[in-house]
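Notes follow once the structure below has been shown.
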Amino acid sequence: MRKITILSISFIVLGILLFVYRMFNKPHTDVLNTKANVEMTAIELFTYFDTNEDSATIKYSDQIIVVSGVLHSKDLSNELEPQILIKTNEDDGFIRCGFKPEYLNNINSLKESSTIKVKGICKGLNGDDDLELLSDKDVVLSSSILIE
Amino acid sequence: MKKTIIYSLLFTIATAFTTHSGGIYKTNTGNINFYSHTPVEDITADNHKVKTAFSAENGKIQFSCLIKDFEFKKALMQEHFNENYMESTTYPKATFDGTISSISTIDLGKDGTYTSPVVGKLTIKDVTKDVTTLGTFTVKNGLVNAKATFNLNPYDYNVSIPKMVAPKISDSIKISIDIDYTHQH
């Protein structure tokens with residue numbers, strides 16, 4: 001009887017330790033293999049944030065989003081995170097998608113003004129009306145991958 | 001007609017002699033790193049999508065970055081940082097509004113390395129504090145790299161850290177900035 005009790009307690013302790021270890025070392029969200037929470041156009045996503053930033057941040061930040069639109073430009077100035085800009089209906093508003101450096105070749109193959117589809121984790125709206133030098137705005141996606 | 005020709009010529013000459021020393025320098029891909037060191041644990045995170053610009057005319061310099069865009073090595077750490085400490089859905093951005101004090105001593109038209117104090121107001125979690133640091137500006141081929149470091153105390157910005165994890169988080173977090181600016185207009 002005593003042996004069974006000791007064995008049971010050992011299993012429970014081991015289970016707890018394993019759970020804590022796995023929680024502590026859980027991986028980052030795998031965008032490639034995780035289903036998107038929502039799919040929309042770049043214009044729709046930007047408009048949500050531009051119209052009501054607080055509500056859009058609550059609704060869409062940290063969500064995996066598939067965004068479709070027309071490629072405005074590539075921004076490869078930071079080799080640690082190559083980025084692309086997707087057009088919206090605002091001249092100074094874009095969807096800014098950041099990629100892991102290993103996707104650089106895929107980005108280089110993109111043609112400007114082509115229609116693309118990108119999946120990434122939405123981080124929010126960067127830019128601030130109170131900062132006159134930074135009044136242009138980007139809805140930011142991170143850990144992005146190209147779908148089309 | 002003669003007047004128009006003269007004005008056009010003057011404009012052309014003026015444009016020809018204009019270097020990239022004026023106007024706005026900007027990027028949306030700046031780097032900010034923060035580093036917390038304690039005997040228990042070292043914590044570091046990076047943001048590579050910092051929006052920042054400065055005016056070559058008056059030295060005004062501004063930053064805006066998304067808190068959720070700081071990437072940690074460990075996903076759980078990133079989750080705790082955003083949800084428990086920074087409440088980044090409620091306070092999504094950190095901003096800095098300041099001045100490069102000695103902008104007039106930086107020759108943006110000539111390659112070289114220059115230093116200048118940078119003073120301004122840093123806002124995190126709706127708390128605004130004065131920050132002063134020394135910026136190093138390296139001009140090369142029309143591009144300007146800016147580097148600066150300063151330390152901040154998270155408790156000054158209403159970052160509430162539970163007692164249990166407090167020994168793991170420094171009360172003097174090192175912020176390192178590394179930005180490549182390009183001339184805009």
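Computed log10 I(q)/I(0) for the protein assembly as shown at 0.10, 0.13 Å⁻¹: -0.67, -1.04, from the Debye equation with unit scatterers placed on every C-alpha and solvent omitted. Span-like helix criteria (full DSSP H runs; alpha carbon extent of at least 27 Å along the helix axis; mean Kyte-Doolittle hydropathy of at least 0.5) are satisfied in chain A by A:2-24. Averaged over the residues of A:97-104, the number of partner chain Cβ atoms lying within 10 Å of the residue Cβ comes to 1. Note on chain B: along the principal axes its Cα atoms extend 80, 30, 27 Å, ordered by decreasing extent. Paramagnetic label reach from B:Asn158 (point 7 Å along Cα→Cβ; backbone nitrogen cut-off under 18 Å): within region A:42-59, residues A:54-55, A:58. What is the sum of charges, Lys and Arg at +1 and Asp and Glu at -1, for the other residues whose Cβ falls under 14 Å from the Cβ of A:Leu104? Combined, the nearby Lys, Arg, Asp and Glu give -2.
Across chain A, the volume of the C-alpha convex hull divided among the residues equals 159 Å³ per residue.
Exposed loop trypsin sites (Lys or Arg not before Pro) only (DSSP loop, at most 13 other Cβ atoms within 10 Å): please give the longest stretch of chain B free of them, not including the sites.
Values: sites that count: B:Lys73, B:Lys110, B:Lys163.
Longest stretch, sites excluded: B:1-72.
To the nearest 10, the accessible area of A:Tyr21 is 150 Å² with a 1.4 Å probe. Determine the share of the protein assembly as shown's accessible area contributed by carbon and sulfur atoms, expressed in whole percent, with a 1.4 angstrom probe. Using a 1.4 Å probe with all protein chains present, the protein assembly as shown comes out at 57 percent carbon and sulfur.
In order along region A:118-123, the Karplus-derived 3J(HN,Hα) couplings, from 6.51 cos²θ - 1.76 cosθ + 1.60 at θ = phi - 60°, round to 10, 10, x, 8, 6, 10 Hz, and Gly and Pro are given as x.
Residue by residue through A:131-139, how many Cβ atoms from other chains fall within 10 Å of the Cβ on average? Mind dumping the intermediate values first?
Details: counts 11, 5, 15, 10, 2, 4, 2, 5, 0.
Counting Cβ atoms of other protein chains within 10 Å of each residue's Cβ and averaging gives 6.
Working from label points 7 Å from Cα in the Cα-to-Cβ sense, the B:Ala75 to A:Glu148 distance is 2.8 nm. Rolled with a 1.4 Å probe across the full set of protein chains, the surface gives A:Cys122 an accessible area near 0 Å². Only protein heavy atoms count here; on that basis, with a 1.4 Å probe, B:Glu57 has an accessible area of about 130 Å².
Got the relative contact order for region A:38-146 handy, in percent, Cα pairs under 8 Å and 6 or more residues apart? Intermediate results must be reported in sequence, preceding the final value.
Working: 235 pairs, mean separation 31.7, N = 109.
Averaging sequence separation for qualifying contacts and normalising by length gives 29 percent for region A:38-146.
Checked against a 29 Å cut-off, the cross-linked pairs A:Lys59/B:Lys49; A:Lys119/B:Lys174; A:Lys87/B:Lys68; A:Lys123/B:Lys140; B:Lys74/B:Lys140; A:Lys59/A:Lys117 give Cα-Cα distances beyond that limit for A:Lys119/B:Lys174; A:Lys123/B:Lys140; B:Lys74/B:Lys140. Using a simple spin-label model with pseudo-atoms 7 Å out from Cα toward Cβ, A:Asn106 and A:Ala36 lie 1.3 nm apart. Peptide packing: for A:34-45, A:9-20, the average count of neighbouring Cβ atoms within 10 Å per residue gives the ranking A:34-45, A:9-20, highest mean first.
Multiplying the residue separation of A:Arg2 and A:Thr115 by 0.36 nm and subtracting their alpha-carbon distance yields 33.8 nm.
Counting Cβ atoms of other protein chains within 10 Å of each Cβ in A:23-29 and taking the mean gives 4.
The values are calculated or read from the model by the stated rules, or taken from the named source; none is laboratory data. Because the structure is predicted, anything quoted here is derived from the model rather than measured. Positions of Cβ are backbone-derived with ideal geometry, glycine not excepted, and every protein chain shown enters the neighbour counts. Keep in mind that these areas ignore ligands, DNA and RNA; they rest on the heavy atoms of the full protein, side chains included. Shrake-Rupley method; radii C 1.70, N 1.55, O 1.52, S 1.80 Å.
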